[in-house]
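Inspection log for the structure reproduced underneath, given as C-alpha cells.
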C-alpha cells in the first residue's frame, strides 16, 4: 500500500513538473497609459506554480521586459496579489514579445483595462515607429514621407523617416475625422535619432471627450 502511495505521489509530481515545463511565457513590457496621476503603478500575475509575480507599471516609459505566463490564451492581471483577475487580454499563439498598455476601464469599478500589442522587432523595430489607433474612427498619420490611413483598433509599423533635417527631425501629424471633415489634432517636429523607437497612440481624452495623441520614446 505504501509503495502504491509513493508511486501515485511520484506521478503527481511528474505531472506538475511537466505542466510547468509546458507553461508558455511571453516577454512583456508594461506601460501605464494614464498621465494624470491615475491608473496603476503595479499589477500582479500568478505563475504556473501559484507564485505571485509583482510587476511595476511605469507611467512615462515602457518597463523592462518581464516574462509572464499565458493562462489558456490570455495574460491574467490582478490589482491585488490575492484578488480576482481584473483584465485578461488574449494573446495570439505566435506572440513572443508584447507591449501591454494599461488603460482606464470601460466600467468604472473594473480598475483598469489591459491592451496587448505586438512588441517584436518586426512590429516595433529599432529606429522605427509603432502607431496604435484607440480612437473610434480611422485616423490619418504623417511621419516624414510616410502617410497612412489607420482604422480604429489597428496598428501600423513605420520605418525611420528618410526626410529628416540636419537635426534628425521630421514632421509628425495626426488628423481625426470629424463631422466637418479631417481635423488636425497633433502637428509637430520630432527627433528620430538612429536606434530610438517611437510609440504613438491616438485615443479619446475622457475629460474633454476629445481626440488626443500620446508619444513615447524607447
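The values are calculated or read from the model by the stated rules, or taken from the named source; none is laboratory data. Small disclaimer: the values here were computed from a predicted structure and weren't measured. Note that we place each Cβ from the backbone using ideal geometry, even for glycine, and neighbour counts take in every protein chain shown.
Can you go through 178, 202, 136 and tell me which one is touching a strand residue (DSSP E or B) at 6+ places or on another chain (Cβ under 9 Å) and over 23 Å from residue 123 (Cα atoms)?
Working: 202 fails: over 23 Å from residue 123 (Cα atoms); 136 fails: over 23 Å from residue 123 (Cα atoms).
On inspection, the qualifying residue turns out to be 178.
Exactly one residue among 183, 177 is surrounded by 15 or more Cβ atoms within 10 Å (Cβ to Cβ), modelled with pLDDT under 95 and in a strand (DSSP E or B), and that residue is 177.
Between 211, 161, 125, 193, the distinction of being touching a residue at least 24 places away in the same chain (Cβ under 8 Å), crowded, with 16+ Cβ neighbours inside 10 Å, in a loop (DSSP other than H, G, I, E, B) and out of contact with any helix residue (DSSP H, G or I) (no Cβ under 6 Å at 6 or more places or on another chain) belongs to 161 only.
Of the residues making up segment 196-208, those that are under 18 Å from residue 58 (Cβ atoms) and either part of a loop (DSSP other than H, G, I, E, B) or over 18 Å from the mean Cα position of the chain (by Cα) (or both) are 196, 197. Within segment 84-96, residues that are more than 18 Å from residue 112 (Cα to Cα) sit with their Cβ atoms under 8 Å from residues that are modelled with pLDDT of 95 or more and not in a loop (DSSP other than H, G, I, E, B), at 6+ positions apart or across chains, in these pairs: 95/26; 95/116; 95/118; 96/26; 96/27. Restricting attention to segment 166-182, the residues being in contact (Cβ under 8 Å) with a residue 12 or more places away in the chain and more than 14 Å from residue 133 (Cα to Cα) number 7.
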